[in-house]
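All remarks here apply to the structure that follows.
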Amino acid sequence: MRHTFVRRELKTVAAHFTQYFLSVNKTAIRDAILAQLRAELALQAGAAQMARDEAISEESRAESKYDTHGQEAAYLAEGQAKLAGEIETSLALYAGLPLPAFAPDSVIALGAVIELATRSRSSWYFLGPRAGGIELCVAGRDILVLTPQSPLGRQFLGKRVGDTVQMPGRSGASTGHKILTVE
């Protein structure tokens, strides 16, 4: 009877230690996301400007009805400008994104940092509103940004610590992975 009590107390102490001393700094995650988005925006804006300059340059003027170099450059500039606009929208969303604290029994929602048990290690994910696929390293943890529109992001929504999500394996068969923590 006493051993059960001691084990329960040790688990509680370990959980509190993990929560207060090893928790992920979500502000650092958001700052890293914003930095990557700003770098991508600068790159896309520069590329859009170069394509625009190419489209309106004298050298791009059509010499025959089959010469479409200038038109192609204009299409490219338009596409890159649209992409830059999408990045600006992502920047605005992340700048104003609330970073809620999640209790151990909370359901996963936007702003959550999720630790998922994989075969021999843990994987970390941040559930954000846009810009899924960004890979970060914050406080020694590799974190992948997911959105609710992604297959794994959809599975995370509404789940809690201890629930499982399905991920495709190397052979194509789905395997269940346990959610270890939600911060």
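With one equal scatterer per alpha carbon and no solvent term, the Debye-computed log10 I(q)/I(0) for segment 102-146 at 0.16, 0.24 1/Å reads -0.45, -0.92. Over the Cα atoms of segment 105-183, what is the Rg over Rh ratio if Rh follows Kirkwood? Using only Cα positions, Rg/Rh for segment 105-183 is 0.94. Net charge in the neighbourhood of ALA131 (other residues with Cβ under 10 Å of its Cβ; Lys, Arg +1, Asp, Glu -1) is -1.
Given +1 at the Cβ of Lys and Arg, -1 at the Cβ of Asp and Glu and no other charges, the dipole of segment 98-182 around its Cα centre is 180 debye to the nearest 20. Only one residue of ILE143, ALA117, LEU180 has its Cα farthest out toward the positive end of the dipole of segment 98-182, where Lys and Arg carry +1 and Asp and Glu -1 on Cβ, and that residue is ALA117.
Packing, taken as the mean count of other beta carbons within 10 Å per residue, orders the peptides 117-125, 29-37 from highest to lowest as 29-37, 117-125. Computed from phi, the 3J(HN,Hα) profile of segment 160-166 under the Karplus parametrisation 6.51, -1.76, 1.60 (θ = phi - 60°) reads 10, 4, x, 6, 10, 10, 9 Hz, with x in place of Gly and Pro.
Each Lys or Arg adds one and each Asp or Glu takes one away; over the other residues whose Cβ falls under 14 Å from the Cβ of LEU76, this sums to -2.
Each reported figure results from applying straightforward, stated rules to the coordinates on display, with no laboratory input. On a predicted model such as this, the values are computed, not experimentally measured, just so you know. Positions of Cβ are backbone-derived with ideal geometry, glycine not excepted, and every protein chain shown enters the neighbour counts.
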